[in-house]
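None of the figures in this text is laboratory data; all of them are computed from the coordinates on show. Just so it is clear, the structure is predicted and the values come from calculations on it, not from any experiment. Reconstructed Cβ throughout: ideal geometry from the backbone, glycine too, with neighbour counts over all protein chains shown.
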Amino acid sequence: MNKLYSLDKLKEIAQGDDAFVQEMVTTFIDSVSAEVDNIQKLMTVGEWKTIGRIAHKLAPNYAYMDAESLYALTADIEVKIKNGYDLTEITAMTHQMCTDSLVLIDELKKIY
């Protein structure tokens, strides 16, 4: 099974600065937690265009954490919302993104 994330890219950017890695992980946890909460609320009222914009904002966060599956899922959600795909599929994908994001956050909280 592939790991949901890797800190290797972030550690490379940090060049040994553990405080920087800690700060970036904390920022990731805080911002992604807030956006996932926001997405879950927006889903209940059908604000799909706003969800698409949030997905666009989340993608770089997943890239820094090498969370490839979340990055791809988020990008796919954004495109499908923009192109008017079936909401049943988009809803399922968005639920999966939220679930996987919360798992990732829980894993990061265990180590930071």
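To the nearest 10 degrees, how steep is helix 48-64 against the longest Cα principal axis of the chain, on a 0 to 90 scale? With rounding to tens, the tilt is 20 degrees. The simple spin-label model puts a point 7 Å past each Cα toward its Cβ; for D76 and E23 those points are separated by 3.5 nm. If you fit an axis through the alpha-carbon atoms of helix 68-82 and take the longest principal axis of the Cα set of the chain, what angle between them do you get, 0 to 90°, nearest 10? Helix 68-82 and the main axis of the chain meet at about 30 degrees. Considering only I39, S69, Y5, the residue lying farthest towards the positive end of the dipole of the chain is I39, judged by Cα position with unit charges set on Cβ.
Would you kindly state how much longer the chain becomes between D66 and E47 on full extension, computed as 0.36 nm times their sequence separation minus their alpha carbon distance, in nm to one decimal?
Working: separation 19, 0.36 × 19 = 6.84 nm, distance 2.81 nm.
That works out to 4.0 nm of additional length.
The GluC sites (Glu not before Pro) of the stretch 44-112 that DSSP puts in a loop, and whose beta carbon has at most 16 other beta carbons within 10 Å, are E47.
From the convex hull of the Cα coordinates of the chain, what is the mean projected area in square nanometres?
On the way: hull surface 27.3 nm².
The orientation-averaged projected area of the Cα hull of the chain comes to 6.8 nm².
Any chance you could give the angle, 0 to 90 degrees and rounded to 10, that helix 87-111 forms with the longest Cα principal axis of the chain? Roughly 20 degrees between the two axes. Measuring against 26 Å, Cα to Cα, the residue pairs K3/K41; K11/K110; K41/K82; K49/K110; K3/K57 contain K3/K41; K49/K110 as the ones spanning a longer distance.
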